[in-house]
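The values are calculated or read from the model by the stated rules, or taken from the named source; none is laboratory data. Everything numeric in this text was worked out from a predicted model, so none of it was measured. Because the Cβ atoms are built from the backbone with ideal geometry, glycine has one as well, and the counts that use them run over all protein chains shown.
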Ligand code: ADP
Ligand code: MG
């Protein structure tokens with residue numbers, strides 16, 4: 001039994017609100033065939049949608065089997081729509097690319113039963129509406145009356161307590177309309193059928209109750225009901241506990257797959273577009289990695305042609321230059337004589353390396369450093385004295401070159417530079433040969 005208490009519905013569209021239902025109160029029996037009549041725009045569809053949970057009411061309450069729907073959460077409404085009400089529309093609302101068997105079955109996919117059971121139930125429902133011969137046809141291969149019967153089978157399959165029909169015969173000729181009305185009348189023997197219609201004669205002939213609506217208000221009710229429940233009805237209420245909506249994971253998966261397959265072209269397009277994106281990113285990544293590797297190898301090759309030189313005496317040129325700069329930057333009183341120890345600070349940046357121990361270390365750990373160096377060369381301060389006859393037939397010293405020392409004088413820093421300018425140096429070791437020999 002369903003009690004509608006002071007339901008109002010206001011539609012708000014930009015700066016304008018429309019009262020589609022105005023304080024409507026009415027009770028429906030557990031089993032009856034109620035027809036709703038009224039002019040277009042009087043709120044019939046709104047009324048039906050609110051009973052079916054397709055639309056929210058603005059105020060009031062709907063009480064279904066003594067349970068108020070005010071506190072309903074989304075989940076409760078889902079369950080209500082799936083198990084307690086079945087919808088029949090004027091436009092049938094069938095899925096055109098699926099067979100009518102699949103169309104009816106689809107209404108069961110949310111109830112969590114097996115595929116086989118679903119099929120059996122769908123076949124039985126279609127038989128009930130007289131379509132057992134057409135189960136493999138598609139909706140566009142059927143007549144209007146047949147399509148509406150498919151819709152009725154679909155509405156019945158979950159065995160709901162309430163059937164809501166919005167102008168089910170609106171698009172049908174009078175003969176077919178009669179058949180549909182007969183069917184609905186049969187259904188109303190053990191269900192509550194609420195039907196919106198434009199046809200007062202059919203309503204008069206088939207339904208057990210006629211409610212007239214005008215401007216969102218009930219203006220007449222041919223067979224009102226006070227809502228007192230008799231014991232028989234109470235028992236039915238107790239039997240109708242809330243069933244929960246559920247869909248098995250596999251069903252969900254196969255439904256999604258079927259949906260994808262029905263839109264093959266779109267699926268393929270989306271996959272291709274997705275792949276292009278992924279391939280593009282992969283390409284960019286690989287090109288950038290390859291280029292980075294190339295830069296690395298060039299860098300390595302270039303740097304290896306500049307050997308790392310470790311000398312017995314080394315000067316920190318940077319700090320020497322910095323000490324020079326800081327000296328010149330100092331501003332002082334013109335009366336003061338300032339001492340700048342430029343040379344001292346420059347020379348203090350010269351340090352000595354213990355090359356002897358370093359050489360020992362290198363020779364001892366030859367295996368460890370083998371992979372990090374391509375060659376090690378030692379040069380000693382002893383350099384051969386080489387003379388030649390120059391163009392003027394005089395004896396000239398070639399090595400060690402005395403060019404630097406003759407210009408700059410003799411000190412340790414200049415000596416180290418002159419050793420670098422030596423024309424003669426040790427030949428580069430062939431490392432590969434050496435490795436072969438060692439093996
Ligand atoms: P009926 O089915 O009796 O022809 P409806 O219930 O469809 O009438 O509509 C009742 C009134 O509510 C109409 O004036 C209609 O314009 C308005 N209405 C219906 N649905 C909406 C909506 N979604 N948004 C705004 N107004 C609506
Ligand atoms: Mg309508």
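Among residues of segment 34-69 being buried (at least 21 other Cβ atoms within 10 Å of the Cβ) and more than 17 Å from residue 195 (Cα to Cα), the one that is modelled with the lowest pLDDT is 64.
Scanning segment 25-53 for residues that are within 16 Å of ligand 2 (Cβ to nearest atom) and in contact with a helix residue (DSSP H, G or I) (Cβ under 7 Å, 6 or more places away or on another chain), we see that the one that is farthest from residue 216 (Cα to Cα) is 52.
Note on segment 70-85: among residues that are surrounded by fewer than 15 Cβ atoms within 10 Å (Cβ to Cβ) and under 32 Å from the mean Cα position of the chain (by Cα), the one that is nearest to ligand 2 (Cβ to nearest atom) is 74. When the residues of segment 5-33 are filtered to those that are without any contact (Cβ under 8 Å) to a residue 60 or more places away in the chain and over 15 Å from residue 58 (Cα atoms), the one that is surrounded by the most Cβ atoms within 10 Å (Cβ to Cβ) is 16. Going by the structure shown, is residue 70 under 18 Å from residue 126 (Cα atoms) and without any contact (Cβ under 8 Å) to a residue 24 or more places away in the chain? Judged against the criteria, residue 70 is not a match. Applying the set (1) crowded, with 16+ Cβ neighbours inside 10 Å; (2) away from ligand 1 (no atom under 15 Å from the Cβ); (3) over 35 Å from the mean Cα position of the chain (by Cα) to residue 100 leaves exactly one unmet item: (3). Criterion applied to 109, 176, 197 was being in contact (Cβ under 8 Å) with a residue 60 or more places away in the chain and away from ligand 2 (no atom under 16 Å from the Cβ), and the one residue passing it is 109. Close contacts from segment 38-54, counting a first residue that is more than 17 Å from residue 161 (Cβ to Cβ) and a second that is in a helix (DSSP H, G or I) and near ligand 1 (Cβ under 9 Å from one of its atoms), with Cβ to Cβ under 7 Å and a gap of 6+ residues or different chains, come to 38/44. Looking at 302, 309, just one residue is more than 30 Å from residue 347 (Cβ to Cβ) and at pLDDT below 90, and that residue is 302. In the set 210, 194, 180, only one residue is touching a helix residue (DSSP H, G or I) at 6+ places or on another chain (Cβ under 7 Å) and over 18 Å from residue 90 (Cα atoms); that residue is 210.
Could you grab me the full set of residues in segment 58-68 that are closer than 20 Å to residue 160 by Cβ and either within 16 Å of ligand 2 (Cβ to nearest atom) or not in a strand (DSSP E or B) (or both)?
As a first pass, look at segment 58-68 and keep what is closer than 20 Å to residue 160 by Cβ: 62-68.
Those that are closer than 20 Å to residue 160 by Cβ and either within 16 Å of ligand 2 (Cβ to nearest atom) or not in a strand (DSSP E or B) (or both): 65, 66.
Within segment 371-408, the set of residues being surrounded by 13 or more Cβ atoms within 10 Å (Cβ to Cβ), at pLDDT 70 or above and touching a helix residue (DSSP H, G or I) at 6+ places or on another chain (Cβ under 8 Å) comprises 376, 379. Report yes if residue 213 is within 27 Å of residue 142 (Cβ to Cβ) and at pLDDT 90 or above, otherwise no. Taking the combined requirement at face value, the residue does not satisfy it. Residue 137 meets all of the listed conditions (1) closer than 24 Å to residue 248 by Cα; (2) modelled with pLDDT of 90 or more but one, namely (1).
Summed over segment 8-46, the residues that are within 15 Å of ligand 1 (Cβ to nearest atom) and outside any strand (DSSP E or B) give a count of 11.
Among the residues of segment 103-112, those that are surrounded by fewer than 21 Cβ atoms within 10 Å (Cβ to Cβ) and part of a loop (DSSP other than H, G, I, E, B) comprise 109, 110, 112. Annotation note: of 260, 283, 250, 255, the sole residue that is modelled with pLDDT under 90, assigned to a helix (DSSP H, G or I) and exposed (fewer than 12 other Cβ atoms within 10 Å of the Cβ) is 250.
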